[in-house]
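Some notes on the structure that comes next.
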Amino acid sequence: GISPKIPLPAFPFQEYMATKAKHVNKALDESIPMQHPLKIHDAMRYSLLAGGKRVRPVLCIAACELVGGDEATAMPAACAMEMIHTMSLIHDDLPCMDNDDLRRGKPTNHKQFGEETAILAGDALLSFSFEHVARATKNVSPDRVVRAIAELGSAVGAAGLVAGQIVDIESEGKQVTLDDLEYIHINKTSKLLEAAVVCGAILGGADDESVERVRKYARYIGLLFQVVDDILDVTKSSEELGKTAGKDLLSDKATYPKLMGIDEAKKFAAKLVDQANQELAYFDTTKAAPLYHFANYIASRQN
Ligand code: GRG
């Protein structure tokens, strides 16, 4: 694992994650009931309720609570984060993209419902995510709701997830620099995590400085998530294969270990945890405990 320099504040993080994820699952289930036309709602619910760690919604709630807001205030936005995350996975799995058969241990949406329905289920989830924030957010000024929706829009579009995906696709089979790799990860992974905490903070009543602190925090933990992913790919597959080089070192996909070496990649991950923690130092340590633990959880996951 990659341990942070500062001691973690005592906090029952696993319990917190489990409780919040349960609340999120209930809200997600209620947000999209089965209705006419059954096929599309069935397909939307199939992927939305298929499990998953619910990292983005829990981060949204944690950021709202950090600045003095409550869970109910953040819940529609929290659900929107998971709707968008889910639709990006549905589209990412399509035959024209990654062509995957399995996701979260189940057949992918297009395997289960067909390609036409999978594309439409993604479109419907994306569209509904914005509608849901606009309609279901309670007790927040219209100005803050509009700011949150704008944040969400830029995180998903051609300056966010879509940007990351297109540059990733374009870079296939080409020489990729560290800057290219960082651009892809910041857009594909960090931007939605960023939107999650930024929207949570905005809806919770945060001032501008707090919003920018949590934004930077999310940017670091998004990159951290990907660096750790790359490191795990190397260590896992070298254990599995009993070889010195993991599968990522053999395939042509660009990764941090391949571009900077495994030791430097580990140092980079440790630096990212420190940088994330430095942003949190602006807040009260007790109130920021869930977010400190989140960074640590991302850094130290083993699979
Ligand atoms: C967003 C309009 C729009 C289109 C989609 C396909 C695409 C554009 C973008 C790809 C985005 C993508 C697949 C990013 C990877 C994100 C990532 C880090 C996934 C893993 O997230 P976890 O570990 O997964 O949170 P679970 O299953 O736990 O939710």
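FYI, it's all coordinate maths here, none of it is from the lab. Note that the structure is a prediction, hence the values are computed from the model and not measured. As a convention, Cβ positions derive from the backbone with ideal geometry for all residues, glycine included, and neighbour counts pool all protein chains shown.
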Legend entry - Among H23, H36, H91, residue whose mean-square fluctuation peaks in a GNM of the chain (springs only between Cα atoms under 10 Å): H36
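To one decimal place, what orientation-averaged projected area in nm² is obtained for the convex hull of the Cα set of the chain? The partial results should precede the final answer.
Values: hull surface 61.4 nm².
Directional mean of the projected Cα hull area for the chain stands at 15.3 nm².
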Legend entry - Highest to lowest packing among 55-62, 161-168, scored as the average C-beta count within 10 Å: 55-62, 161-168
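Summing +1 for each Lys or Arg and -1 for each Asp or Glu, what net charge is found among the other residues whose Cβ lies under 13 Å from the Cβ of K20?
On the way: positive: K22, K26, K53, R54, R56; negative: E15, E65, D70, E71, E82.
Net charge around K20: 0.
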Legend entry - the chain, helix-only ellipticity at 222 nm - DSSP H runs n ≥ 4, -39,500 (n - 2.57), divided by all residues, nearest 500: -22500 deg cm²/dmol
Legend entry - Spin-label model distance (nm) - F13 vs I169, 7 Å beyond Cα toward Cβ: 3.6
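Quick one: work out Rg over Rh on the C-alpha atoms of segment 88-192, Rh as Kirkwood radius.
On the way: Rg = 16.2 Å, Rh = 15.5 Å.
The Rg/Rh ratio comes out at 1.04.
Taking the beta-carbon count within 10 Å as an exposure proxy, list Y46, Y16 from fewest neighbours to most. Please list the in-between numbers first.
Details: Y46 20, Y16 17.
Starting with the residue having the fewest Cβ neighbours, the order is Y16, Y46.
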Legend entry - Top of A276, A265, A159 by mean-square fluctuation, Gaussian network on the chain, Cα under 10 Å: A159
Legend entry - Segment A158-D70, length gained on full extension (0.36 nm per residue, minus Cα span): 28.5 nm
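Of the GluC sites (Glu not before Pro) in segment 134-192, which ones lie in a loop per DSSP and count no more than 10 other C-beta atoms within 10 Å?
Working: sites: E151, E170, E172, E182; in loops: E172.
Answer in residue order: E172.
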Legend entry - Rg ratio (alpha-carbon, reference 2.2 N^0.38 Å) - segment 1-54: 1.69
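Using only the Cα atoms of segment 9-129, build the gyration tensor, take square roots of its eigenvalues as a ≥ b ≥ c, and label the shape rounded, prolate or oblate: rounded if a/c is under 1.5, else prolate if a/b is larger than b/c, else oblate. Intermediate values should be presented prior to the final figure.
Details: a/c = 2.40, a/b = 1.81, b/c = 1.32.
The shape class here is prolate.
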Inset, instruction - Please state, as a whole number in µm²/s, the translational diffusion coefficient that the Stokes-Einstein equation yields for segment 128-183 at 37 °C and 0.692 mPa s, with Rh defined as the Kirkwood radius across alpha carbon pairs. - result: 246
Legend entry - Charge dipole (the chain, unit charges on Cβ, about Cα centre) - positive-most of A27, L232, M260: A27
Inset, instruction - Report, ordered by chain and residue number, the lysines lying within cross-link reach of K106, taken as a straight Cα distance under 17 Å and ignoring same-chain residues fewer than 8 apart. - result: K53
